[in-house]
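Read-outs: derived from the displayed coordinates by stated rules, not from any lab. Note that the coordinates shown come from a computational prediction; the quantities given were computed from them, not determined experimentally. Methodologically, a virtual Cβ is constructed for each residue, glycine included, from the backbone with ideal geometry; neighbour enumeration extends over all protein chains shown.
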Amino acid sequence: MNNETTYIGRPMNRVDGYAKVTGDAKYAADYHAKGLCYGVVVSAGIARGRIVDIDTSAALQLEGVLQVFTHQNVSGLAWFNRSYKDMDAPPGKHFRYLQTDMVAYSQQPVALVVAETFELARYAATLVNISYEADAHTTSLTGNLDKARPPKGKKTGFKKPANRGHFDKAFKEAPVRAEATYYQGAEHHNPMEMHATTVLYYKNGSITVYDKTQGVLNTQSYVKSVFGLSGKKVKALSPFVGGAFGSGLRPQYQLFMAVLAALELKRSVKVMLTRQQMFSLGFRPITQQTLSIGAVEDGSLQAISHQAVSGTSQFEDYVENIVNWSGMLYHCKNVQQDYKLVSLDTYTPLDMRAPGAVTGVFGLECAMDELAYKLNMDPLELRRINYSVEDGSMKKPYSSKGLMDCYEQAAARFGWSQRNPAPRSMKTGRLLTGWGMATGMWDAMTVPARAKATFTADGKLTVGSATADIGTGTYTIMTQIAAETLGLPIDNVTFQLGDASLPFAYLEGGSATAASVGTAVQKACLQIRERLLSLAKDIPDSPFRELSIEQLTFADGKMYMIETPANFIHLKDIMTLTETDAVNVTSTPLPNIFKQMKYAKNTHSAVFVEVQVDEELGLVKVSRVVSAIAAGRILNPKTARSQIMGGIVWGISGALYEESVMDHQFGRFVNHNYAEYHIPVNLDINDIEVIFVEENDDVVNPLGVKGVGEIGQVGVAAAVANAIFHATGKRIRDLPVTLDKLL
Ligand code: MOS
């Protein structure tokens, strides 16, 4: 018995790892039922207009085809409830599938073919003959910047950028200025598991929905509201998710299609999207941004302006915090930020890993590098000089901010002091070597969550919350927190999630799950401790009778007296001696809002990148990355490192590979497949080193956890682009940096 942690902070393997690698873990499309039938979605071939005719007769003639749902026969079967429920819906008129003949975007789902087998449904879908009357469409952001307008309405989490000081005057007077415009195309969610839903239909009209989602309660409330069903009729489950990155924050259309077909046909139904159809969901929005930064000769920032324009759909206003980081990251008195939208004939964009920051910090951190060159100053030194101990937008100190340590540790590890600052000055054989760096920043949010816990006489603990594990390690870290708090061997603890009947948890997003659900799990286990003590007091001649919970500690399945650790009782014995089968609690932790309100709560990173550029072929290889992360307490360095590495890989991917090409003639992303939408393969990814700079933070939550799901990606693309500039002297301001831009 000592004060060291047993599980928290240890690099534990995933508790669900065995189930995942052996195939025991079942994903939404893995469920089967007697009489299961299959739905295949037909997608629209035009970007805007109307369906003149939709001929389903050839499909329906095939034996085994059960129905083809279109706007002609679905109208009135769903969308009863005007209060469409979706926890992540942006403001606007949410799109209702199969309700009208209007086409509002290319690849809009316009029919669902349901058949006895998947192959038959897929074949029958090719026989659905649709004729359209096309209208003119608008899919170019840069061609329509004159139509940019402020976002309508409000969305949870969207912070209206706050300006301060007098940018125009300060920028004009600044002796050194950098001004540039950056462009990023749409980036598409491509988790390994495509979106899928299996609906099991029961004779009494109730359904069990296995859905790919980042929040099973969102699935359940969406189905209830859209189909007018009571909660008792809808079970929603999502125990395993094969990645999501934001695509599972909103209910996707396969959920609507599968539930619709199940209710109408009174059959169990499975609908899975194809890889191509994954490009018909939301995506990271097309964005153009302009940064103007002014400084004096010693490097002190005088003025920052960050103006961004993003695309959204015609029916919803998707917004994200792109420009806000420029008002927070550095010390600067005069800041002007603006963010506008252009409505395009695409589907609504959607949160994608570190939404807003991946885009906005790319612009800011490239512009800082451009400024450093104009100042003839080391880019890292420029960041150090302008370090801010407070969030200048809110004028609040940070609850903790280990960024300076990140700079120092990552720079030392990388060998930054050996850098020759001149572009084209470093070579490795015939390759140009470039070293670049950037800062990253993300939110440290704690959102409401509840958990229940049951401790049974066999010494086992089961804890549950309706949260998700989208590959992030939720199962593992919650098990660690529970085992640690109640002092149990980890094998005695089971954590349950992905079930709408469990206590409330918000969507797994915003890097908030470890902090939020973790706090609820910890609190539930502390409540179990209290209950066990009060039971122990009931034991005849109990030595615990006069003791308070603060005088006790829990470890190795026992409750110890802190002052006299030789005095202890097995938790199992408390249960047996008091003839108790189970102790049940539900926790509802309330954050200390008054304490939290005084602080800004964020995570930070410093990322250093080495590239090797083959100028003859225009090829870039990211040979080395060192990233230092300040994200509060790290619950599990192994799963946390995986999170950060995944973010770094995706940052490299956004910088060098991912590019969806919109063919404006057809208004569609034409390379909607893995062959032409490039993502990095193993050969593209080399040395990645992750350093955790732990922060002690008792403001964010009792665990001191800030979350690591998104910070790993922020800043990486800028560091890559800055390294490419250092290698080649070429400043590429639109991503990805493909070979044509370097030749
Ligand atoms: Mo994340 S984009 O909050 O799933």
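Relative contact order of the chain: 17 percent, from C-alpha pairs under 8 Å at least 6 residues apart in sequence.
As a size descriptor, the averaged projected area of the C-alpha convex hull of the chain was calculated at 34.2 nm².
Relative contact order of the range 655-743, taken over Cα pairs closer than 8 Å and 6 or more residues apart, is 35 percent. I want the antiparallel fraction of DSSP beta bridges within the chain, as a percent rounded to 5. That works out to approximately 75 percent antiparallel. Cβ-Cβ distance of His331 and Thr181, R₀ of 22 Å, FRET efficiency by 1/(1 + (r/R0)^6): the value works out to about 0.35. The alpha-carbon of Lys741 sits under 18 angstrom from the alpha-carbons of these lysines, leaving out residues fewer than 8 places away in its chain: Lys621, Lys730.
Multiply the residue gap between Asn584 and Lys203 by 0.36 nm, knock off their C-alpha separation, and tell me the result in nm, one decimal place.
Details: separation 381, 0.36 × 381 = 137.16 nm, distance 3.32 nm.
133.8 nm is the gain from fully extending Asn584 to Lys203.
Secondary structure note: in the range 447-590, about 80% of the DSSP beta bridges are antiparallel. Expressed as a fraction of 2.2 N^0.38 Å, the value expected for a compact globular protein of N residues, the C-alpha radius of gyration of the range 447-590 is 1.06.
Cβ-Cβ distance of Lys638 and Ala555, R₀ of 25 Å, FRET efficiency by 1/(1 + (r/R0)^6): the value works out to about 0.65. Full extension of the chain between Gln276 and Asn696 gives 146.7 nm of extra length, using 0.36 nm per residue less the Cα-Cα distance.
Let's test the formula: R0 of 51 Å, r as the Cβ-Cβ distance of Asp491 and Glu173. What FRET efficiency results, to the nearest 0.05?
Result of the calculation: an efficiency of 0.20.
How large is the helix-only mean residue ellipticity at 222 nm for the chain, computed as the sum of -39500 (n - 2.57) over DSSP H runs with n ≥ 4, divided by its residue count, in deg cm²/dmol to the nearest 500?
-7500 deg cm²/dmol
Here the range 396-474 was treated as a single set of alpha-carbon atoms; its pair distances binned every 10 Å from 0 give 11, 23, 20, 19, 15, 9, 3 percent. With the cut-off at under 16 Å, measuring from each backbone N in the range 40-64 to a point 7 Å along the Cα-to-Cβ line of Glu119 picks out 63-64. Shape class of the range 209-332 from the Cα gyration tensor (axes a ≥ b ≥ c, square roots of the eigenvalues): prolate, since a/c reaches 1.5 or more and a/b is larger than b/c. Sorting the segments 436-443, 200-207 by their residues' average number of neighbouring beta-carbon atoms within 10 angstrom, most packed first, yields 436-443, 200-207. Across q = 0.21 Å⁻¹, the range 597-691 modelled as identical point scatterers on its alpha-carbon atoms has Debye log10 I(q)/I(0) values of -1.07, in the order of the q list. Please label the shape of the range 536-580 as rounded, prolate or oblate, based on the square roots a ≥ b ≥ c of the eigenvalues of the alpha-carbon gyration tensor (a/c under 1.5 means rounded; beyond that, a/b larger than b/c means prolate, else oblate). Judged from the Cα gyration tensor, the range 536-580 comes out oblate (a/c at least 1.5, b/c at or above a/b).
How much net charge surrounds Tyr31 when only the other residues with a Cβ under 15 Å from the Cβ of Tyr31 are counted, with Lys and Arg +1 and Asp and Glu -1? Net local charge, Tyr31 excluded: +1.
For the peptides 587-597, 504-514, the ranking by packing is 504-514, 587-597, with the highest mean count of neighbouring Cβ atoms within 10 Å listed first. Within the set of other residues whose C-beta is less than 15 Å from the C-beta of Thr70, count the net charge using Lys and Arg as +1 and Asp and Glu as -1. That sum, taken over residues with Cβ under 15 Å, equals -2. Subtracting the Cα-Cα distance of Lys20 and Asp684 from their residue separation scaled by 0.36 nm leaves 236.5 nm.
Take the Cα of Asn13, step 7 Å toward its Cβ, do the same at Ser425, and the gap between the two points is 4.9 nm. Each Cα pair under 8 Å and six or more residues apart adds its separation to the average, and for the range 309-418 the resulting relative contact order is 29 percent.
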